[in-house]
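Notes follow the structure.
The values are calculated or read from the model by the stated rules, or taken from the named source; none is laboratory data. As the structure is a prediction and not an experimental result, all values here were calculated from the model. Cβ placement follows ideal geometry from the backbone for every residue including glycine, while neighbour counts extend to all protein chains displayed. Surface areas here come from the heavy atoms of the whole protein model, side chains and all, with no ligands, DNA or RNA. Shrake-Rupley method; radii C 1.70, N 1.55, O 1.52, S 1.80 Å.
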Amino acid sequence: MTTAKLWFADYDPYRTLFSLEWLFEPSLEKWPAYLITILVLAGALLVKRFWCRFLCPLGAIISIFQPIGLIKVRRDENLCINCGKCDKVCPSALKPSQKATPGMQCTSCLECVEACPVKGALDVYAGPKKDSLVSKESEQSAY
Ligand code: SF4
Ligand code: SF4
């Protein structure tokens, strides 16, 4: 019994790949789905986190709300020594060393904050900059 079907199901690369229809019931009529799947796989091989960064519809919706999010990673340009360690570890291939905040694609994973060798140069804040979450955690864990 079929209760519902996504409108893009016939072109969904995940469904195309894992349904294995291309193997057991290949059809020339499905060439658009095959082409999309090949392009997505090629992109994943060539570009780091290709799907997440450029194609994920959920990520696109979430990123709209990122600018108004209360918790943000922020860089203090007065403390930053431009070592670039934060850029190297960012899984989203952002450049937190070059902006005050990493931008809409930031997932707040905090890998960059952990990698930063300078205390306070890169930190995570809730609301105004003075409310550093990391500093608060550090202070609490000291007692
Ligand atoms: S919090 Fe994560 S996604 Fe955001 S800039 Fe840092 S490493 Fe990149
Ligand atoms: S890791 Fe810290 S000190 Fe190094 S560039 Fe990034 S923010 Fe600046």
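A few comments on the model shown:
For (1) among the polar types (S, T, N, Q); (2) at pLDDT 85 or above; (3) open to solvent by 60 Å² or more (accessible area, probe 1.4 Å), each residue gets a yes or a no:
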| position | (1), (2), (3) |
| --- | --- |
| Lys99 | no, yes, yes |
| Thr107 | yes, yes, yes |
| Ala121 | no, yes, no |
| Asp131 | no, no, no |
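- Qualifying residue in region 92-100 (condition: in contact (Cβ under 8 Å) with a residue 24 or more places away in the chain, of a type in the set (A, V, I, L, M, F, W, C) and within 7 Å of ligand 1 (Cβ to nearest atom)): no
- Test: Lys5 is charged (D, E, K, R), over 30 Å from Thr101 (Cβ atoms) and touching a Ser or Thr at 6+ places or on another chain (Cβ under 8 Å): no
- The sole residue among Leu23, Leu17, Leu39, Leu46 that is surrounded by 15 or more Cβ atoms within 10 Å (Cβ to Cβ), modelled with pLDDT of 90 or more, of a type in the set (A, V, I, L, M, F, W, C) and out of contact with any Cys (no Cβ under 7 Å at 6 or more places or on another chain) is Leu17.
- Looking only at residues of region 68-91 that are away from ligand 1 (no atom under 13 Å from the Cβ) and in contact with a Gly (Cβ under 9 Å, 6 or more places away or on another chain), we find that the one that is least open to solvent (accessible area, probe 1.4 Å) is Asp76.
- When Glu114 is tested against (1) within 11 Å of ligand 2 (Cβ to nearest atom); (2) open to solvent by less than 100 Å² (accessible area, probe 1.4 Å), just one condition goes unmet, and that condition is (2).
- Any chance Val47 is away from ligand 1 (no atom under 11 Å from the Cβ), in contact (Cβ under 8 Å) with a residue 24 or more places away in the chain and not assigned by TED's automatic domain parsing to the domain that holds Lys119: no
- Gly103 without any contact (Cβ under 8 Å) to a residue 40 or more places away in the chain, within 16 Å of ligand 2 (Cβ to nearest atom), surrounded by 11 or more Cβ atoms within 10 Å (Cβ to Cβ) and within 13 Å of the chain's Cα centre (by Cα): yes
- Matching helices (runs of 4 or more DSSP H) fully within region 1-112 where at least 3 residues are under 30 Å from Ala126 (Cβ atoms): 57-65, 85-89
- In this structure, Arg53 does not satisfy being closer than 30 Å to Cys116 by Cβ, assigned by TED's automatic domain parsing to the domain that holds Val113 and open to solvent by less than 80 Å² (accessible area, probe 1.4 Å).
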